[in-house]
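A.B. asks: Structure provided below as structure tokens; questions to follow.
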Number of protein chains: 2
Amino acid sequence: MRVILHTKQIIFQQSFSTLWKRTLTTDSEAKRERLIILGSGWGSYRVLRDIDKKKYDVVVVTPRNHFLFTPLLASTTVGTLEFRSIIEPVRNTIFRQTDHFHLSYATALDMEKKILTCESALRPGLMYDLNYDKLVIGIGALSNTFNVPGVYEHAFFLKEVADARKIRNRILTNIELSTQPKIDAEEGKRLLHFVIVGGGPTGVEFGAELYDFVKEDVARLYKQKHLDVNVTLIESNQILSSFDERLRKYAEKKIKQRDRFKLIQSAVTEVTEKGVRLKDGEFLPCGMVVWSTGVAPRPFIRKLDVPKNKQGQILTDNHLHVIGDTTGSVFALGDCADIEKLPLPCTAQVAEREGKYLAKKLNGKTDNEFKYINMGMMTYIGRYQALTEVTKVKMQGVPSWLLWRSAYLTRLGSWRLRMQVPLDWTKTLLYGRDTSRVE
Amino acid sequence: MRVILHTKQIIFQQSFSTLWKRTLTTDSEAKRERLIILGSGWGSYRVLRDIDKKKYDVVVVTPRNHFLFTPLLASTTVGTLEFRSIIEPVRNTIFRQTDHFHLSYATALDMEKKILTCESALRPGLMYDLNYDKLVIGIGALSNTFNVPGVYEHAFFLKEVADARKIRNRILTNIELSTQPKIDAEEGKRLLHFVIVGGGPTGVEFGAELYDFVKEDVARLYKQKHLDVNVTLIESNQILSSFDERLRKYAEKKIKQRDRFKLIQSAVTEVTEKGVRLKDGEFLPCGMVVWSTGVAPRPFIRKLDVPKNKQGQILTDNHLHVIGDTTGSVFALGDCADIEKLPLPCTAQVAEREGKYLAKKLNGKTDNEFKYINMGMMTYIGRYQALTEVTKVKMQGVPSWLLWRSAYLTRLGSWRLRMQVPLDWTKTLLYGRDTSRVE
């Protein structure tokens, strides 16, 4: 539903879209419905993989040309894994369909006319329209800053490979800088204090990887320097709140035992270049803030005029159909959406299950409602220890860590990745992490 | 030799340096001479590896914290190899010597007082001095733009991993952009025209890798799109001029046989956002220009008040001792220097041999002059073909390509790289190159 649009522009865009559609459509394709998939994350990518390409003329619109295996993203911030070991180009999946992949943002949607407006992610200002018969919205969400001042300017997020790269650079920069002449003890301590805001799996796993890196590599390469490294995890409620209480307590105990790893139960009210302020007024000087709390809607979702929940997520019915769409052709899944009568957490697992269901439904193989069976949760807490929670099985420690690694291996989306990830792990084990600082 | 310096500043800097030196120097170190190595390329890195650490207190000053295996850099621009598969952190070599590695630029040198002024590469403006007993200058060179307007603004260099990453991004961006709506045929053709200026090994190898990428991956993933890709190599003299004539002719013939790969013998007089102008006035529209011609001195070398050659390289005697240094303690090697009586080309091989010699000399194991024996040259020309020129042996084609690959493998500096590079090659062979676009 576009907000401002002149009549002339509508006519032009419509005729352009028709023309565009015509040029793309060959005879054999004409019988197929056009399905546009927005996004390339867990939900959308699963729809893309499972959808019947004989039944649908599939078009993907996404500003990111690869699928990212998010559960292993934290491992890339310190080099346990390499960035390209956990991503898979989308074009490898839609093989030989040039005109059916758009490296673009969706910017507006006319649900009645079934027109999607896009803007090129490669040339800002290059706008164009696409027609669709069916639309799947799965563009994920942003981190929620809760309007805390300074987050955008000074904190790092951990959502994409580019974020992980920036974090890796900052860690290496701060460690090197702390060794330089004219950096006094106080400034050195500040540079080596890393703050994580948010005690969900991402925050905890990043903290775990950072801890391993300091223990295993900084200690080896920087002599006594690792003794100055401090990590603080700030969470306003409980860490890993979605886990079973016993496992949560285990994680808390393990983390608290660690030297120079601190848990603070508080909220951050300001982020500056030099540190964070807590709600009791205390200022913690630090050299890096990683912000990983909650979800906030992306601009396209914010602009959509459909019913949403408190977090700004699009509401769908139990068939993942968008409530407020009268045409029956718009679906939404993953972090950008919420099922009205079955609210679920924002996890990769939920998004992927939704994608699997939606592809089946669109392929005409099911008319059932979406049902969610939790297949279990896992998280890495550092020092070769993890937490695993599968129905009735709750594991911790080293066996859980082994399970964590093998489970992820089987979940990786291609043989290329399944070959590279264990090699990265082997390299890290044999030679330590790569501390090259590459801009 | 500093140019502008107030007396007060000198006194401050001297006392600071003394203090600094004192804090760093333990009793056992006091007996050792302090050797500062500038740079982390082929020459400097070889000195660092070979130098006797019992004899010298070694300090490395470089803005790049890793050694880069430059002959394979062109392979990373299209993903045949990954960026981190060809670099090795310097700290892995100087193991546990925290205070002896400076991620900094050298900015000035007082040869009489033996004081080197540095500026932090991590915090611009953080300046400090270091004392030395011996100094090795091996900071390489910049590409020579010959003052052609627009080169800095619009062309890409191919010297560092960051350059290769930018080129890889631009290639993927242009291919994707050329498929987008509202990009007309002419603009599409421009985006897919890649121009290389300079027919040395770097330019030729980059062209070869680009050609392989288009033939093997673009053709697979982008249907007919690869037919629009054109590559033009512009060289004002002969390509691969340092090679034997028979091999050069072979390379020229092979390259000329290729569809949509063009050799132009001309010079570039201007680079704009949309293309390059040749000296006859013709304008070639293109989507990317890679500039790899000649060498130009880095700012530190430019400021040094010592005898230099026409290219602005520091002149040394046959012991690699800098002519114009009266103290006998300053040495230079690699691309930033030239031996007055034995001018040699700017290659990795020359720099590394010089490094090997200089370490031996500084270790007190030789008093001979530096002698250069060419161990042969190799270059990859695409489609599994290479050129090899070893004394009396001149090879070309597929056998040469196999030799090219195996020779580089044995030359890689660590087991980590020797393990990763063949794996990258295998992955490329099995699954194609990774076309994920990562910012």
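The values are calculated or read from the model by the stated rules, or taken from the named source; none is laboratory data. This is a predicted model, so every value here is computed, not measured. We place every Cβ from the backbone using ideal geometry, glycine too, and count neighbours over all the protein chains shown. Surface areas here come from the heavy atoms of the whole protein model, side chains and all, with no ligands, DNA or RNA. Shrake-Rupley method; radii C 1.70, N 1.55, O 1.52, S 1.80 Å.
A.B. asks: Could you look at chain B and say what percent of its accessible area is carbon and sulfur, using a 1.4 Å probe and all protein chains?
C.D. replies: Accessible surface attributable to carbon and sulfur in chain B totals 53 percent.
A.B. asks: So what's the angle, to the nearest 10 degrees on a 0 to 90 scale, between helix A:348-362 and the longest Cα principal axis of chain A?
C.D. replies: Long axis of A:348-362 versus the principal axis of chain A: about 10 degrees.
A.B. asks: Hey, another quick one. Using a probe radius of 1.4 Å on heavy atoms only, what accessible surface per residue do you get for the protein assembly as shown? Whole Å² is fine.
C.D. replies: Accessible surface, normalised per residue, equals 42 Å².
A.B. asks: What does the copy distance list look like for B:Ala267, label position 7 Å along Cα→Cβ, in nm and ordered from shortest?
C.D. replies: Those separations, rounded to one decimal, come out as 6.8 nm.
A.B. asks: Another one. Using a 1.4 angstrom probe and counting only protein chains, how large is the accessible area of B:Glu354 in Å², to 10?
C.D. replies: 10 Å²
A.B. asks: Report relative contact order for chain B in percent, whole number only (criteria: Cα-Cα under 8 Å, sequence separation at least 6).
C.D. replies: Across chain B, relative contact order equals 19 percent.
A.B. asks: Need one value: the accessible area of B:Glu389 in square angstrom, 1.4 angstrom probe, rounded to the nearest 10.
C.D. replies: 30 Å²
A.B. asks: Still on this structure: Between copies, how far apart are the B:Asp317 label points? List them in nm, one decimal, shortest first, with each point 7 Å from Cα toward Cβ, please?
C.D. replies: 9.2
A.B. asks: Using only protein heavy atoms and a 1.4 Å probe, how much accessible area in total is buried between B and A, to the nearest 100 Å²?
C.D. replies: Approximately 6200 Å² gets buried when B meets A.
A.B. asks: Of B:Lys262/B:Lys310; B:Lys53/B:Lys360; B:Lys189/B:Lys215; A:Lys225/B:Lys113, which pairs sit farther than 20 Å apart, going by alpha carbon to alpha carbon?
C.D. replies: With Cα atoms farther than 20 Å apart: B:Lys262/B:Lys310; A:Lys225/B:Lys113.
A.B. asks: Now a separate question. If you average over every viewing direction, what projected area does the convex hull of the Cα atoms of the protein assembly as shown give, in nm²?
C.D. replies: Over every viewing direction, the Cα hull of the protein assembly as shown projects on average to 39.9 nm².
A.B. asks: How many angstrom lie between the C-alpha centres of segment B:59-134 and segment B:231-299?
C.D. replies: Computed from Cα coordinates, the inter-centre distance equals 32 Å.
A.B. asks: Label-to-label distances across copies for A:Ile373, with labels 7 Å out along Cα→Cβ, in nm, shortest first?
C.D. replies: So the label point of A:Ile373 gives 7.2 nm to the other copies.
A.B. asks: What ranking of B:Ile323, B:Ile381 comes out by heavy-atom accessible area, probe 1.4 Å, highest first?
C.D. replies: In descending accessible area the options line up as B:Ile323, B:Ile381.
A.B. asks: For segment A:78-237, just the Cα atoms, rotate onto the principal axes and tell me the three extents in Å, largest first.
C.D. replies: Its Cα atoms span 64, 37, 32 Å along the three principal axes.
A.B. asks: Set the Förster radius R0 to 51 Å, insert the Cβ-Cβ distance between B:Ile373 and B:Lys256 as r into 1/(1 + (r/R0)^6), and round the FRET efficiency to 0.05.
C.D. replies: Once the sixth-power term is evaluated, E becomes 0.95.
A.B. asks: Could you tell me how far the Cα centroid of segment A:365-423 sits from the Cα centroid of segment B:305-361, in Å?
C.D. replies: Their Cα centres are 57 Å away from one another.
A.B. asks: If you don't mind, another one. How far is helix B:201-213 tilted, in degrees, relative to the longest principal axis of the Cα atoms in chain B, given as a value from 0 to 90 rounded to the nearest 10?
C.D. replies: 40 degrees
A.B. asks: Compute accessible area for segment B:205-236 by itself and then with all protein chains, 1.4 Å probe, and report residues whose area falls by 40 Å² or more.
C.D. replies: Buried-area filter returns B:Arg220, B:Leu221, B:Lys223.
A.B. asks: Based on the Kirkwood radius over alpha-carbon pairs, what is the Stokes-Einstein translational diffusion coefficient of chain A at 20 °C with 1.002 mPa s viscosity, in µm²/s? Don't skip to the answer; put the middle values down first.
C.D. replies: Numbers: Rh = 23.3 Å.
Diffusion coefficient, whole number: 92 µm²/s.
A.B. asks: Here is a further query. Once the whole set of protein chains is in place, how much accessible area is left on A:Ile51, using a 1.4 Å probe, in Å² to the nearest 10?
C.D. replies: Counting only protein heavy atoms, the figure is 10 Å².
A.B. asks: Follow-up question, since we're still on this one. So which trypsin sites (Lys or Arg not before Pro) in segment B:32-105 end up in coil per DSSP with only 12 or fewer other C-beta atoms within 10 Å?
C.D. replies: Here the trypsin sites (Lys or Arg not before Pro) that fit, given the DSSP loop and packing criteria, are B:Lys54, B:Arg96.
A.B. asks: I'd like the residues of segment B:113-153 whose 1.4 Å-probe accessible area shrinks by no less than 50 Å² going from the isolated chain to the full set of protein chains.
C.D. replies: Correct list: B:Leu122, B:Arg123, B:Leu126.
A.B. asks: Continuing with the same structure: Compute accessible area for segment A:384-426 by itself and then with all protein chains, 1.4 Å probe, and report residues whose area falls by 30 Å² or more.
C.D. replies: Relative to the lone chain, where solvent access is computed with a 1.4 Å probe, segment A:384-426 loses at least 30 Å² at A:Arg416, A:Met419, A:Gln420, A:Leu423.
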